[in-house]
Amino acid sequence: MRAPTFKLKPVWSNRFASPTVAELRSALGDEGGLVLDHAREALGGLPGVVEALKWMGVPWSWTLVYAPPGEVEGWAFVVPEPGKLQVAVSLPAERLAEIAVKRLPRFVRDGLLATQVVGRACWPVWVVQTAAQVDEIARLVQGVRVPAEAGATVS
């Protein structure tokens, strides 16, 4: 009689086993891991923002969330899904009209145009493959979310 084999869930999608960022990074491979590192620097470097690893449910599973300390909702999210590193943002719907969409890089513009407003926010999501794409999204978050006294501008 053969012993039963159990297939373990990937660390990213296992709700009951809190992973480390290093474990999530390793599941992305070399290139994805470097882009994840850059995303953590770019988003974690926004004024007044801290990083937290949280279970976000399906489909985001374990996600890095960026927001000011004590704020319940995040501003930016890095979803380290193996083979599909994503960055998502929560943008207040009333601020969308202030964004000069035509002046944004095509990558960011396409993500904004594809999103829908849900309640008082929209949730654009981008599959990122390069550090430059992450930088473009971080500039958008900074322009829309960081208070004007911290030097934010909406471009």
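The values are calculated or read from the model by the stated rules, or taken from the named source; none is laboratory data. Keep in mind that what you see is a predicted model, and the values were worked out from it rather than measured. Note that each Cβ is placed from the backbone with ideal geometry, even for glycine, and that neighbours are counted across all protein chains shown.
Within region 43-61, not a single residue is crowded, with 21+ Cβ neighbours inside 10 Å, touching a Pro at 6+ places or on another chain (Cβ under 7 Å) and either in contact (Cβ under 8 Å) with a residue 60 or more places away in the chain or of a type outside the set (Val, Ile, Thr) (or both).
Being crowded, with 18+ Cβ neighbours inside 10 Å and within 14 Å of the chain's Cα centre (by Cα) is the requirement here; does Gly74 meet it? Answer is yes for this residue. Among the residues of this structure, Phe107 does not count as one that is in a strand (DSSP E or B) and of a type in the set (Phe, Trp, Tyr). Entry remark, region 126-148: residues being aromatic (Phe, Trp, Tyr) and farther than 12 Å from Ala76 by Cβ number 0 in total.
Residue pairs whose Cβ atoms lie under 7 Å apart, sitting 6 or more positions apart in sequence or on different chains, and linking a residue in region 105-122 that is at pLDDT below 95 to a partner that is surrounded by 14 or more Cβ atoms within 10 Å (Cβ to Cβ) and of a type in the set (Ser, Thr, Tyr), are Ala121/Ser90; Cys122/Thr115.
Where strands (runs of 3 or more DSSP E) fall wholly inside region 1-101, the ranges with 2 or more residues that are farther than 20 Å from Ala132 by Cα and at pLDDT 95 or above are 50-55, 62-67. Scanning region 77-95 for residues that are surrounded by fewer than 20 Cβ atoms within 10 Å (Cβ to Cβ) and charged (D, E, K, R) yields Lys84, Glu94, Arg95.
Note on region 48-69: residues that are hydrophobic (A, V, I, L, M, F, W, C) and over 12 Å from the mean Cα position of the chain (by Cα) amount to 4.
When the criteria are applied in full, Thr20 meets the requirement of being β-branched (Val, Ile, Thr), over 22 Å from Glu136 (Cα atoms) and over 13 Å from the mean Cα position of the chain (by Cα).
Take Pro69 and decide whether it is surrounded by fewer than 19 Cβ atoms within 10 Å (Cβ to Cβ), without any contact (Cβ under 8 Å) to a residue 40 or more places away in the chain and either out of contact with any Lys or Arg (no Cβ under 9 Å at 6 or more places or on another chain) or of a type in the set (Phe, Trp, Tyr) (or both). When the stated conditions are applied, Pro69 passes them.
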